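Engineer: Mind having a look at this structure? Questions to follow.
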Amino acid sequence: MGYENIRVEKRGKVGLITLDRPKALNALNSALIAELGTALDGFDADERIGCVVITGSEKAFAAGADIKEMQPHNFASAYQTDLITPFDRVSRNRKPIIAAVAGYALGGGCELAMLCDFIIAADTAKFGQPEITLGVIPGAGGTQRLTRFVGKSKAMEMVLTGRMMDAEEAERSGLVSRIVPADDLLEEALKAADKIADFSLPVVMMAKESVDRAYETTLSEGVRFERRVFQALFALEDQNEGMTAFTEKRSPDFRNK
Ligand code: CAA
């Protein structure tokens, strides 16, 4: 399909999605979100793809949901059109998604990054939930996910004041996994994605599902879930290959079985 608001490429076993509305700092309008969902569904269904990277431009990962598109809505139309709900398609993806963030990741842009499995930030990245300045609150999970990432005090301050966090603060508070120089961002994100895509895909998917459980259930249920997945993995040829390769002092050749 032809995309107008994103660019979609395959780099070996990695799916790369670049948000591409430069004139609006990649503001997430409904067309862009729909295209993103379609591209992600495509990569999820493509057995040659083992990991996905979502990135933006040097200036903005995404400066939020599209304010100009949202401005005319009233409650009934926001409810009926299911405004914001299409963002959920990102978290439905079962393969890992890395957000490679440079510049602004604000409002829905910050929420989109948090919907990914981890965030690699350029040293230019700026995160924030400025919705309060527009007379609304975050609507794509920001009040919930930011709080889980950085704790109540910092999340509350950011949501109530709309202030931005730079890359250093974002790393210190656990929002991003690491910071890289802006010029190296895409290369570093693709390197991490390549590494993941070389592992056994079902094992990678189960690892992702298990970590996600930590956010969705109690500790004892999560540990029980993890143990069952761990035991089930002994049914895969890849477990035997991985452990045999270790004992034979060679690299494993995972066949994703
Ligand atoms: N929606 C629509 N258009 C946007 C936009 C957004 N979120 N962010 C930027 N743009 C547009 C601007 O209107 C401008 O367009 P024009 O040239 O046609 O005027 C263009 O992008 C460039 O932006 P600026 O001139 O403002 O660039 P700047 O460098 O001076 O400032 C900025 C950058 C600080 C990010 C500023 O653009 C800004 O504050 N943007 C809005 C950020 C925001 O409030 N995001 C939250 C949106 S609400 C939301 O996301 C709800 C939710 O939870 C899902």
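The values are calculated or read from the model by the stated rules, or taken from the named source; none is laboratory data. The structure presented is a predicted model; accordingly, all values stated were derived computationally and were not measured. Note that each Cβ is placed from the backbone with ideal geometry, even for glycine, and that neighbours are counted across all protein chains shown. What goes into the accessible areas is simple: the full protein's heavy atoms, side chains included, and nothing from ligands, DNA or RNA. Shrake-Rupley method; radii C 1.70, N 1.55, O 1.52, S 1.80 Å.
Engineer: Only one of Gly56, Gly109, Gly103 is within 19 Å of the chain's Cα centre (by Cα) and near the ligand (Cβ under 8 Å from one of its atoms); which?
Structural biologist: Details: Gly56 fails: near the ligand (Cβ under 8 Å from one of its atoms); Gly103 fails: near the ligand (Cβ under 8 Å from one of its atoms).
Of the residues listed, the single one that is within 19 Å of the chain's Cα centre (by Cα) and near the ligand (Cβ under 8 Å from one of its atoms) is Gly109.
Engineer: Does segment 22-42 contain any residue that is within 13 Å of the ligand (Cβ to nearest atom), closer than 22 Å to Val176 by Cβ, open to solvent by 20 Å² or more (accessible area, probe 1.4 Å) and in contact (Cβ under 8 Å) with a residue 40 or more places away in the chain?
Structural biologist: yes
Engineer: Follow-up question, since we're still on this one. Hey, can you tell me all the residues within segment 121-130 that are away from the ligand (no atom under 13 Å from the Cβ) and either part of a loop (DSSP other than H, G, I, E, B) or aromatic (Phe, Trp, Tyr) (or both)?
Structural biologist: Scanning segment 121-130 gives a single hit, Asp123.
Engineer: Only residues that are loosely packed, with under 15 Cβ neighbours inside 10 Å and more than 23 Å from Lys23 (Cβ to Cβ): list them for segment 68-90, please.
Structural biologist: So the first thing to find is which residues in segment 68-90 are loosely packed, with under 15 Cβ neighbours inside 10 Å, and the list is 68, 71-82, 85, 88.
Correct list: Asn74, Phe75, Ala76, Ser77, Ala78, Tyr79, Gln80, Thr81, Asp82, Thr85, Asp88.
Engineer: Right, here's the next one. Please list, ordered by residue number, the helices (runs of 4 or more DSSP H) wholly in segment 131-177 having 2 or more residues that are among the acidic types (Asp, Glu) and either modelled with pLDDT of 95 or more or away from the ligand (no atom under 14 Å from the Cβ) (or both). Don't jump to the end; show me each part of the working.
Structural biologist: Working: elements: 142-150, 152-161, 167-172.
In segment 131-177, the matching helices (runs of 4 or more DSSP H) lie at 167-172.
Residue-wise test of (1) under 11 Å from Gly64 (Cβ atoms); (2) touching a helix residue (DSSP H, G or I) at 6+ places or on another chain (Cβ under 7 Å); (3) aromatic (Phe, Trp, Tyr).
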| position | (1), (2), (3) |
| --- | --- |
| Gln129 | yes, yes, no |
| Thr133 | yes, no, no |
| Gly141 | no, yes, no |
| Phe149 | no, yes, yes |
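Engineer: Which ones in segment 82-112 are of a type in the set (S, T, N, Q) and free of Cβ contacts under 8 Å to residues at least 12 places away in the same chain?
Structural biologist: So in segment 82-112, the residues of a type in the set (S, T, N, Q) come out as 85, 91, 93.
The answer is Thr85, and nothing else.
Engineer: Looking at this structure, is Ala60 within 23 Å of Val159 (Cα to Cα), open to solvent by less than 40 Å² (accessible area, probe 1.4 Å) and in contact with a Leu (Cβ under 8 Å, 6 or more places away or on another chain)? Walk me through how you get there before you give the answer.
Structural biologist: Values: within 23 Å of Val159 (Cα to Cα): yes; open to solvent by less than 40 Å² (accessible area, probe 1.4 Å): yes; in contact with a Leu (Cβ under 8 Å, 6 or more places away or on another chain): yes.
Against the criterion (within 23 Å of Val159 (Cα to Cα), open to solvent by less than 40 Å² (accessible area, probe 1.4 Å) and in contact with a Leu (Cβ under 8 Å, 6 or more places away or on another chain)), Ala60 qualifies.
Engineer: Go through (1) among the hydrophobic types (A, V, I, L, M, F, W, C); (2) open to solvent by less than 40 Å² (accessible area, probe 1.4 Å); (3) within 30 Å of Ala121 (Cβ to Cβ) for Val203 and report which single condition fails.
Structural biologist: All conditions pass for Val203, except number (2).
Residue by residue, here is whether (1) in contact with a helix residue (DSSP H, G or I) (Cβ under 7 Å, 6 or more places away or on another chain); (2) under 18 Å from Leu112 (Cα atoms); (3) of a type in the set (Lys, Arg) holds:
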residue: Arg145; (1), (2), (3): yes, yes, yes
residue: Glu169; (1), (2), (3): no, no, no
residue: Ala189; (1), (2), (3): no, yes, no
residue: Asp194; (1), (2), (3): no, no, no
residue: Arg227; (1), (2), (3): no, no, yes
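For every residue, the table says whether it meets (1) of a type outside the set (S, T, N, Q); (2) under 30 Å from Arg148 (Cα atoms); (3) surrounded by 12 or more Cβ atoms within 10 Å (Cβ to Cβ); (4) in contact with a Pro (Cβ under 6 Å, 6 or more places away or on another chain).
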| residue | (1), (2), (3), (4) |
| --- | --- |
| Thr217 | no, yes, yes, no |
| Ala245 | yes, no, yes, yes |
| Glu248 | yes, no, no, no |
| Ser251 | no, no, no, no |
| Phe254 | yes, no, yes, no |
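Engineer: How many residues does segment 166-185 hold that are over 29 Å from Leu233 (Cβ atoms) and open to solvent by 60 Å² or more (accessible area, probe 1.4 Å)?
Structural biologist: Residues in segment 166-185 being over 29 Å from Leu233 (Cβ atoms) and open to solvent by 60 Å² or more (accessible area, probe 1.4 Å): 6 in total.
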